[in-house]
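Take a look at the structure set out below.
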Amino acid sequence: MRRMVWVIGFALWLLVPASSQAEIFTYKDGRGKVFYTNIPVGAPYHPMIFRVGKGGRRSSIKPGNPADFEQHVRAAASHYDIDPQLIKAVIKVESNFDHLAVSEKGAKGLMQLMPGTAADMNVCNLFDPRENIMGGTCYLKQLLGRFNGNLPLTIAAYNAGPGAVERCGGIPNFEETQRYVRSVLLYYRKLAAAGPAPSRPWHLAAN
């Protein structure tokens, strides 16, 4: 009965306008049982992020398991000669490893590819992890070449577009892009410190 009451309550919560909703957190225990709360106490809860997808429908973005996509990351890294830890850092910030993530601007999948970029990278199914990672890595490779291996500029271009970076002569002064670059570099450095050395050096200058 309690479970039924909670399910009904959560369904009603989804119908409430976003501006009046409290933040919801989720936690999965060792047996796979999922818990939800608005007060994360006593367990390692993670926030559930809700973005508005196509047609105004909500799509919940839950943390995915990086291990589920390891083979695709390794394959893309090998094919395009890019450090796999960089790919993982971008995925972490873009979608938190949710292969069904959809942004309010229409970016989709693990590496949050826009339909136009996906088409340029020959990605047919944006929600297919292998295709999405291959396409996103191909785009990263192009940006690295365009910005002479300068990693912060490459990351900024992945977020704001290469044209914006070139017009500004550096990382654009957009709050979202500045925060995005810091987040990707932070995760990349953490992953790189814990894993094997990259196959090539990356430029970590601010501009």
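The values are calculated or read from the model by the stated rules, or taken from the named source; none is laboratory data. These numbers were taken from a predicted model, which means no experiment stands behind them. Quick reminder, even Gly has a Cβ in these numbers, built from the backbone with ideal geometry, and neighbours come from all protein chains shown.
Answer yes if at least one residue in the range 170-193 is among the hydroxyl-bearing types (Ser, Thr, Tyr), assigned to a loop (DSSP other than H, G, I, E, B) and surrounded by 16 or more Cβ atoms within 10 Å (Cβ to Cβ), and no otherwise. No. Restricting 163, 106 to those that are surrounded by fewer than 16 Cβ atoms within 10 Å (Cβ to Cβ) and in contact with a Pro (Cβ under 9 Å, 6 or more places away or on another chain) reduces the list to 106. Here residue 133 fulfils each of the conditions (1) among the aliphatic types (A, V, I, L, M); (2) touching a residue at least 40 places away in the same chain (Cβ under 8 Å); (3) in a helix (DSSP H, G or I); (4) over 23 Å from residue 185 (Cα atoms) apart from (4).
Quick check on my filter: what residues within the range 82-101 are part of a loop (DSSP other than H, G, I, E, B) and surrounded by fewer than 23 Cβ atoms within 10 Å (Cβ to Cβ)?
Filtering the range 82-101 down to residues part of a loop (DSSP other than H, G, I, E, B) leaves 82-83, 96-101.
Correct list: 82, 83, 96, 97, 98, 99, 100.
Taking the listed residues 107, 160, the one that is in contact with a Phe, Trp or Tyr (Cβ under 8 Å, 6 or more places away or on another chain) and more than 24 Å from residue 81 (Cβ to Cβ) is 160, with no other qualifying. For residue 167, the criteria (1) more than 21 Å from the chain's Cα centre (by Cα); (2) at pLDDT below 95 hold in every case but one, which is (2). Filtered by the rule that a residue be of a type in the set (D, E, K, R) and under 18 Å from the mean Cα position of the chain (by Cα), the range 135-157 gives a lone residue, 141.
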